[in-house]
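The values are calculated or read from the model by the stated rules, or taken from the named source; none is laboratory data. As the structure is a computational prediction, the values presented were derived from the model and not from experiment. Glycine gets a Cβ as well: all are built from the backbone with ideal geometry, and neighbour counts include every protein chain shown. Please note that ligands, DNA and RNA were not included when accessible areas were found on the heavy atoms of the full protein model with its side chains. Shrake-Rupley method; radii C 1.70, N 1.55, O 1.52, S 1.80 Å.
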Amino acid sequence: MDDELLELQRQFEFAQQAKSSIRLSERNVVELVQKLHELRIIDFELLHTVSGKEYITPEQLRHEIAGEVKKLGRVSLIDLADTTGVDLYHVEKQAQHVVSEDPGLMLIQGEIISQSYWDSVAEEINERLQECSQIALAELAAQLHVGSELVASVLEPRLGTLVKGRLEGGQLYTPAYIARVSAMVRGASRGITVPTNLSVLWSSLQQLLQEMEGATGLAVEGSFFQSLFNGLVKEGEVLGTLRAGIHWTPTVFAIAQKECVDSFFSQNSFISYDTLHKLGISQPIQYLQPRFPEGIPLVTAFVHPSMIEMLDAAIEDAIERGSWLDSLSLLPTSFGAQDASKILSLSPSVQSALKANKALIVGDSYLFSSSFVKDVYDRVEKELETLSHSGSSTIILSDESHMVKEAKAGKDLSKSSEPVETVTESGNKKRGTEKGSKKKKGKSSGARTVSAEGDSENEDYIPTKSKKNQKKGKDTSSSQVADLRKVAKKDSIKAQEENVPSDEWLMQKLEALLPDFEEQGVDDPQTILKYLADYLRPMLANYLKERRKALFTENVEKMKVLLDNLQRKLDESFLNMQLYEKALDLFEDDQSTSVTLHRHLLRTVATSIADMLFHNLDLHNKLKNWTQVEDSQNSESISLSPGERTAIAKSLPESQSKRALAVVEALEGKRVETFMTALRDLAEESGLFLKKLDKKLERTLLHSYRKDLTSQVSAETDPVSLLPKVVSLLYIQVHSRALQAPGRAISVAVTRLKNKLDDSAYKILTDFQTATVTLLALISAAAGDEADCSSDRILSKKELLEGQVPALKALVLGSSGSQA
């Protein structure tokens, strides 16, 4: 057998050494391998090496990779690609197969690492740990060029076996070091006698360790101390209670705390929450209720039922005597008003007295018997009645500087020449229609009213919405007045604003009626009187409301009459103002004269209208606010200064006040249009209607004005006063405009008539105007000159001027008569 094997070896060796007569090129070999692949003779995968001159199977590549890992323990895939001569892509692919088949291997960050490698690393770490007592994982990870998490995951299963130590907070510690630090934690914890935040304690221990180990020592995390402390608590080596992980209360403190609370509560029958907070008890009620189930929690203290029994006896005595009681005076000084209120509500005597209406609690801590309160109320009511009969009711009625808050007087009555629309209490609308106006139902507008139901501090005129499509020239004052009186009657019933005496007046009366508060040594009698006044005020308000009903009816009637008269006067004055305004259009091309005419009209007619309106609105506001108003002088003769107008405007309700101030400002301006706009806004806000001048009314007013001027011209004897009247009459005859011109604008007005009069008439007018100017100049010059020659010249000029009067009168009166 051996001989045969030897023979075969010799034949094989001979065959190998024999030179082949046919040689294949590399290209032929490649083609041959491809052909074998196509023919499925080679049915397994072949990989090219990087040089391209060799083939290698995946199984062989995996075998070589496993061999390298087994030999080295930790191999980089890049190094494997260089060793095997295979492309990195194939190496990575086969490495994943190798790692998946062998659980002892891991592929991390392009490296294959075996468990044997980690075992050797763990042994090295253990040797180093025993030398320096502690090692940081971050340092190990930096040396091994891996992450700290990987080092921790590898070391955890080897702790206690290959690595003799403990992993805590990213640090490795030896058992000796842990025992040493545990002893420090145990000693520090046992030395605590009051509730402590453990984070402060751990900071102190960290500083101590750094001082002991010097610069070479590593910083110890607080979590390491906390872990050791939790172990000591669990083993019972440290006694106490741990809350929220860091708040430590030693058992010795809890025992002292409990003894202190029990002693205080048993001696005083109460304990305040502030006392418990000082003892470190953050939730007093939850702490006390389980310990004293019979106790009663108040707002600032915890009391024993015996304290309520003590207070109950004093309350019964006060009710029987018809007196009053301040419960705070019988309770400990640490109790507050809310505590007293709760104790009173728990008192059986108070509960039965309140149910039987024998007592009432005022201001949380004060208890008054009903008989005592009734006696005080009767005496205050008698004071009010005395003041009322003595004619001093205005003292206790609403006035900001005196005694009582104002109650609103109802809605302001409004005027309009249109149908009236009001809103009743039920919300239904009532519409009054014009007599004879049956054509267009849509042309109507609502009368503006002012609500009496609202806050007295925001008392505004609130006009209701009204339609503006009114038929010009229609006057429905009779139906309007009737509807407005209905509104006023309903508003008089709706005036229910609270009418109460002021604090100042009521406090003064109570001090005078109840001097015994100070005599009894009450520390703060003003507080008791204030609470009593607050209780009595609504009762007194009802009394005042009933007493003022008569005054309410009287003032409403006065307001209706006032508004009726105001509307009538305003209609006449505003129509005349519109008539005079039209004449200003003739001078718009002369800016200087236009400004003069505008200012003259504002200073005369506009000022008169504004003064009359402001005066009446001021009276109406006072009546509405329950101010007693005496019969005043005729409003047509009222003349107010700018300061008085401003004061009245500011005293009106807010919405009215803004518009009234705009009227005051317009009076000082240069344009009549601004005044007219401001006046319309104020009238609309006040519920008044201003008629618009139409053609028919304009003709009527012009005719009346011309007739009046004609009579004045006929009766006028003063030549100086005659000239402006003649000029105004000529403007009516020539331009159909009612001109109101001051003396310095007469010259321009005369010049404008040149093309409207014949030459002879114009010459008479200009001669008279020239003579008048000359006469006035002489009079002005002679004011400081006493020479007889000046007087003679004035008399001579005046006689000459008077001689021209008949011709001037004939000029206008003859023309007026012919046109008429």
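Considering only alpha-carbon pairs that sit under 8 angstrom and 6 or more positions apart, the relative contact order computed for the range 645-706 is 24 percent. Averaged over residues, the count of other Cβ atoms within 10 Å places the peptides 755-761, 584-590, 676-682 in the sequence 676-682, 584-590, 755-761, highest first.
About its Cα centre, how strong a charge dipole does the range 652-756 have in debye, to the nearest 20, once Lys and Arg get +1 and Asp and Glu get -1 at the Cβ? Intermediate values should be presented prior to the final figure.
Numbers: 18 positive and 12 negative charges, 134 e Å.
It works out to roughly 640 debye.
Measuring against 23 Å, Cα to Cα, the residue pairs LYS358/LYS545; LYS582/LYS763; LYS582/LYS809; LYS374/LYS530 contain LYS358/LYS545; LYS582/LYS763; LYS582/LYS809 as the ones spanning a longer distance. Measuring with a 1.4 angstrom probe and ignoring ligands and nucleic acids, LYS71 comes out at about 140 Å² accessible. Extending 7 Å from Cα along the Cβ direction at LEU46 and again at GLN9 yields two label points whose distance is 3.2 nm.
Starting at the first residue of the range 573-583, write each ³J(HN,Hα) from the Karplus equation 6.51 cos²θ - 1.76 cosθ + 1.60 with θ = phi - 60°, in whole Hz, x for Gly and Pro. With the stated coefficients, the range 573-583 comes to 5, 5, 5, 4, 4, 5, 5, 5, 5, 4, 5 Hz. Leaving ligands, DNA and RNA out of it, work out the accessible area of LYS545 with a 1.4 Å probe and give it in Å² to the nearest 10. Counting only protein heavy atoms, LYS545 exposes about 60 Å² to solvent. Can you find, among TRP202, THR241, GLY187, the residue sitting farthest towards the positive end of the charge dipole of the range 174-254, where Lys and Arg contribute +1 and Asp and Glu -1 at Cβ? Of TRP202, THR241, GLY187, it is THR241.
Rolling a 1.4 Å probe over the protein heavy atoms gives the range 696-819 an accessible area of 54 Å² per residue. The mean sequence distance of close C-alpha pairs (under 8 Å, at least 6 residues apart), as a share of the length of the range 696-819, puts its relative contact order at 29 percent. Only Cα pairs under 8 Å and 6+ residues apart enter the sum, and on that basis the relative contact order of the range 174-254 stands at 41 percent.
Of the peptides 770-782, 79-91, the order by per-residue mean of other Cβ atoms within 10 Å, starting with the highest, comes out as 79-91, 770-782.
Please compare each pair in LYS558/LYS622; LYS696/LYS754; LYS695/LYS725; LYS624/LYS650 to a cut-off of 18 Å on the Cα-Cα distance and tell me which ones are over it. Numbers along the way, then the final one.
Details: LYS558/LYS622 11 Å; LYS696/LYS754 29 Å; LYS695/LYS725 24 Å; LYS624/LYS650 16 Å.
Where the Cα-Cα span goes over 18 Å, the pairs concerned are LYS696/LYS754; LYS695/LYS725.
Which value, in Å² rounded to 10, gives the accessible area of MET106 with a 1.4 Å probe and all protein chains present? It works out to around 40 Å². Label positions at GLN34 and GLN207, each projected 7 Å from the Cα along the C-beta direction, are separated by 8.2 nm.
Multiplying the residue separation of SER199 and GLU101 by 0.36 nm and removing their Cα-Cα distance gives an extension gain of 30.4 nm. With both labels modelled 7 Å from their Cα along Cα-to-Cβ, the ASP119 to LEU346 distance reads 7.5 nm.
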